[in-house]
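Heads up, the thing below is written out as C-alpha cells.
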Amino acid sequence: MWGKKMKWGIEAIKSYELNCNGLDRFTFLGEEYQSTNWSYLSLSHLQNFLETSGLDRDMILELLPINFKGIVWNSLESEDLEFLNTLTNPNRCLEILDRYNLLDSAATYTPSMEYKLRWLKERWVKGYYIFANC
C-alpha cells in the first residue's frame, strides 16, 4: 500500500550535456552528479522547520525545488529540461541559508535536520544545483 512514493530522490547536479538526438541520452560530466534518498516524512519535517524559521512557501521551493512529475535521467522530456534550467543558483541557496540562520536553528531543532542542511550546504558550496525528485 505504501509503494515507492515514500522516498524522494534529492538530486545534486553541476553540469551535464545532451548527447545524440537531443533528449535521448543524458551525460553527467565527471563528479557532476550526487544523490541521496529522503523519506516523505523527512521532507515534510524539513518544510515544517523552514516554515517555523520564517520562510514562506515560495522561498522554500526556491531553496529546494520539487519535481513532482519525477525526472528519469535516461528518458528526458522537454519539460524536464525546462525544470532543470530554472533550478535555483547555489549561491542564492547559500544566501537564504545564511539570512535565516538555518544551520544554527537546525542544530537546536533535531540532529537529523542539521545533518540534512549540512548535506545540502556542502553541495551548494561546491556549486551543485539541488532539487527533490519525486
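Where a number appears in this text, it was derived from the coordinates with a stated rule and is not lab data. What you see is a predicted model; the values in this text were computed from it and never measured. Don't worry about glycine lacking a Cβ; one is built from the backbone with ideal geometry, like all the others, and counts go over all protein chains shown.
Summary table below
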quantity: With at most 16 neighbouring Cβ atoms within 10 Å, loop GluC sites (Glu not before Pro) (DSSP) excluded, longest segment of the chain; calculated: 78-134
quantity: Aspartates and glutamates whose Cα lies under 19 Å from that of K116, excluding same-chain neighbours fewer than 8 positions away; calculated: E11, E51, E62, E95, D98, D104
quantity: Sum of side-chain charges, Y33 neighbourhood, beta-carbon under 10 Å (Lys, Arg +1; Asp, Glu -1); calculated: -2
quantity: Charge context of N67, other residues only, Cβ under 11 angstrom, K/R +1, D/E -1; calculated: -3
quantity: For the chain, alpha-carbon Rg relative to the globular expectation (2.2 N^0.38 Å, N residues); calculated: 1.08
quantity: Inter-site label distance for E31 and D56 at 7 Å from Cα along Cβ, in nm; calculated: 3.9 nm
quantity: Cα convex hull volume per residue for region 34-104 (Å³); calculated: 114 Å³
quantity: Dmax and Rg, reported as Rg then Dmax, of region 61-134 (C-alpha, Å); calculated: 13.7, 42
quantity: Exposure rule at most 14 other beta-carbon atoms within 10 Å, DSSP loop chymotrypsin sites (Phe, Trp or Tyr not before Pro): the chain longest free segment; calculated: 69-134
